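Only one structure is covered here, and it is reproduced in the block below.
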């Protein structure tokens, strides 16, 4: 049970971890924006339904959501609707989109009315104002809370092992069957490097957005 | 804005259809956990072990492709009932009980359909080597702290020999070993087939089986969803493999010839 052999098999697990991380981000970041629009909608029933939905998703443990998405269709139909991996992605995307939506909402509502009025005076359309004026300032303001969520997501990927996606923790856990505990502790190094890179990346983004002196 | 929302929804729909699951009728998906000797992976990542080859031989007779899916042992009934796996073929003790939602004992044979039994197992007590001298009989377990797999045959046993407050449950037998090694508990009760493979190896060189305490024997069988038509087919195949000596051949290959025993009743 050499060090390299373990490292290689943990790296295989890390591949799954990265895949869950990347797919969740790519899908949840835009979906979160849609949900935040719905929760701020002037059409009140839509806003209320969205708020209840966000309450349910944020109020139930993510691990339970993963279990529900994978097993419940199987209980009803006799065979699972989605693969294990798809179930994990579905649960993660919906969960994280709800958290992101509240961050977006806070950011969007923090932009003063004057900015919209200035846009109208300049003859811009509603969507021009949103994407060209508001969103750019929102991005700068919400970067720190988003980076919090993104870093949490790195570690939440470990929940996928409840339906046996062999991510890095599960890859290490498999060595426990042979009496080896150290691979499990060794995974901490991988997480620390992963989060370290993200921290540097977000620091760089914040500097890049420095030109908005809002 | 509308274009943006449409784009996001289209993206989500695409990803859902990409991942849709389609299971074939001619595959037998076996739910397993890694147990050295029974189900494990070799250096190339291929499944080996007694249970693995046994399942593959049965698959050959039935004309089915056998796949192995790692499961969380605590989710085995969910995995079966949702159809995510076809059977649990992984040292599944048939004549044991599990707790239901209100904490009452339920026979495992009431929860799933079992095939014929094929292997004898026993629970055993594992302690630190240094403390081995303190454990001479069942009476010496009284007042000691213990760790067992929740819902296992070992759990039923310890509740009779030591106080309930002294017993800690884990999600798998494998996770009980670090408990006793780290000194968190005094002893653990696990399958003897597993203990023989774990004690004295890797990080567990300081653990040993207490030979002085002998527990009742159990029998392993394959578990299917209630009402599954696979049970009868697999039973026939097991009989065939017993008759042509193939099963004994496999048991000898992995060192289980002394515990191999095909029996039509599992009680």
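The values are calculated or read from the model by the stated rules, or taken from the named source; none is laboratory data. All figures in this text were calculated on a predicted structure; none of them were measured in a lab. Methodologically, a virtual Cβ is constructed for each residue, glycine included, from the backbone with ideal geometry; neighbour enumeration extends over all protein chains shown.
Sort through A:62, A:33 and tell me the only one that's surrounded by 15 or more Cβ atoms within 10 Å (Cβ to Cβ), in contact with a helix residue (DSSP H, G or I) (Cβ under 6 Å, 6 or more places away or on another chain), under 30 Å from residue B:83 (Cβ atoms) and in contact (Cβ under 8 Å) with a residue 40 or more places away in the chain.
On the way: A:33 fails: under 30 Å from residue B:83 (Cβ atoms).
After ruling out the rest, the residue left standing is A:62.
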- Top-ranked residue of the stretch B:215-231 - restricted to ones that are loosely packed, with under 15 Cβ neighbours inside 10 Å and in contact with a helix residue (DSSP H, G or I) (Cβ under 9 Å, 6 or more places away or on another chain), ranked as modelled with the lowest pLDDT: B:216
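Rundown of residues vs (1) buried (at least 21 other Cβ atoms within 10 Å of the Cβ); (2) within 17 Å of residue B:128 (Cβ to Cβ); (3) in contact with a helix residue (DSSP H, G or I) (Cβ under 8 Å, 6 or more places away or on another chain), yes/no style:
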| residue | (1), (2), (3) |
| --- | --- |
| B:153 | yes, no, no |
| B:160 | no, no, no |
| B:173 | yes, no, yes |
| B:186 | yes, yes, yes |
| B:191 | yes, no, yes |
- Query: Could you say whether any residue in the stretch A:76-85 is within 25 Å of residue A:134 (Cα to Cα) and surrounded by 19 or more Cβ atoms within 10 Å (Cβ to Cβ)?
  - Reply: no
- Those residues of the stretch A:154-163 that are away from every other protein chain (no Cβ under 14 Å) and buried (at least 20 other Cβ atoms within 10 Å of the Cβ) come to a total of 1
- Got at least one residue in the stretch B:158-171 being over 18 Å from residue B:132 (Cα atoms) and within 14 Å of chain A (Cβ to nearest Cβ)? yes
- Item | Residues that are away from chain B (no Cβ under 12 Å) and buried (at least 16 other Cβ atoms within 10 Å of the Cβ), drawn from the stretch A:125-142 | A:133, A:137, A:138, A:140, A:141, A:142
- Item | Test for residue B:38: is it modelled with pLDDT of 85 or more, in contact with a helix residue (DSSP H, G or I) (Cβ under 8 Å, 6 or more places away or on another chain) and more than 8 Å from every other protein chain (Cβ to nearest Cβ) | yes
- Kindly check whether there is at least one residue in the stretch A:141-155 that is in contact with a strand residue (DSSP E or B) (Cβ under 8 Å, 6 or more places away or on another chain) and more than 21 Å from residue A:66 (Cβ to Cβ). no
- Residues of the stretch B:200-226 that turn out to be without any contact (Cβ under 8 Å) to a residue 12 or more places away in the chain and assigned to a helix (DSSP H, G or I), as a count: 1
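Report the residue count in the stretch A:164-214 for those that are away from every other protein chain (no Cβ under 14 Å) and either touching a helix residue (DSSP H, G or I) at 6+ places or on another chain (Cβ under 9 Å) or part of a helix (DSSP H, G or I) (or both). Outline the logic, then answer.
Our first condition is that a residue be away from every other protein chain (no Cβ under 14 Å); within the stretch A:164-214, this holds for A:168, A:187-214.
Next cut, either touching a helix residue (DSSP H, G or I) at 6+ places or on another chain (Cβ under 9 Å) or part of a helix (DSSP H, G or I) (or both) only: A:168, A:187-212, A:214.
Going through the stretch A:164-214 one residue at a time, the tally reaches 28.
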- Residues (closer than 24 Å to residue B:87 by Cα and more than 19 Å from the chain's Cα centre (by Cα)) located in the stretch B:180-231: B:227, B:228, B:229, B:230
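Condition check ((1) facing another protein chain (nearest Cβ under 8 Å); (2) under 13 Å from residue A:28 (Cβ atoms); (3) more than 13 Å from the chain's Cα centre (by Cα)) across all residues:
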{"residue": "A:61", "(1), (2), (3)": "no, no, yes"}
{"residue": "A:64", "(1), (2), (3)": "no, no, yes"}
{"residue": "A:67", "(1), (2), (3)": "yes, no, yes"}
{"residue": "A:70", "(1), (2), (3)": "yes, no, yes"}
{"residue": "A:78", "(1), (2), (3)": "yes, no, yes"}
{"residue": "A:90", "(1), (2), (3)": "yes, yes, no"}
{"residue": "A:95", "(1), (2), (3)": "no, yes, no"}
{"residue": "A:100", "(1), (2), (3)": "no, yes, no"}
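Kindly indicate whether residue A:81 is out of contact with any helix residue (DSSP H, G or I) (no Cβ under 6 Å at 6 or more places or on another chain) and at pLDDT below 95.
Here the answer is no, as residue A:81 does not meet what is asked.
Counting residues that are outside the structural domain of residue B:235 (by TED's automatic domain parsing), at pLDDT 90 or above and at negative phi, which strands (runs of 3 or more DSSP E) fully inside the stretch B:111-194 reach at least 3?
B:117-128, B:146-149, B:187-191
Name the residues in the stretch B:19-35 that are modelled with pLDDT under 70 and either at the interface with another protein chain (Cβ under 8 Å from one of its Cβ atoms) or touching a helix residue (DSSP H, G or I) at 6+ places or on another chain (Cβ under 6 Å) (or both), would you? Full working, then the answer.
Applying the first criterion (modelled with pLDDT under 70) to the stretch B:19-35 yields B:19-24.
Correct list: B:19, B:20, B:21, B:23.
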- Message: Condition first: at the interface with chain A (Cβ under 10 Å from one of its Cβ atoms), within 24 Å of residue B:193 (Cα to Cα), touching a strand residue (DSSP E or B) at 6+ places or on another chain (Cβ under 8 Å) and in contact (Cβ under 8 Å) with a residue 40 or more places away in the chain. Now tell me which residues in the stretch B:48-84 satisfy that.
- Response: B:69, B:71
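Can you find a residue in the stretch B:51-73 that is assigned to a loop (DSSP other than H, G, I, E, B) and surrounded by fewer than 16 Cβ atoms within 10 Å (Cβ to Cβ)? If you could, list the steps in order and put the result at the bottom.
Filtering the stretch B:51-73 down to residues assigned to a loop (DSSP other than H, G, I, E, B) leaves B:63-64, B:71-72.
Imposing the further condition that a residue be surrounded by fewer than 16 Cβ atoms within 10 Å (Cβ to Cβ) reduces the set to B:63.
Looking through the stretch B:51-73, at least one residue is assigned to a loop (DSSP other than H, G, I, E, B) and surrounded by fewer than 16 Cβ atoms within 10 Å (Cβ to Cβ).
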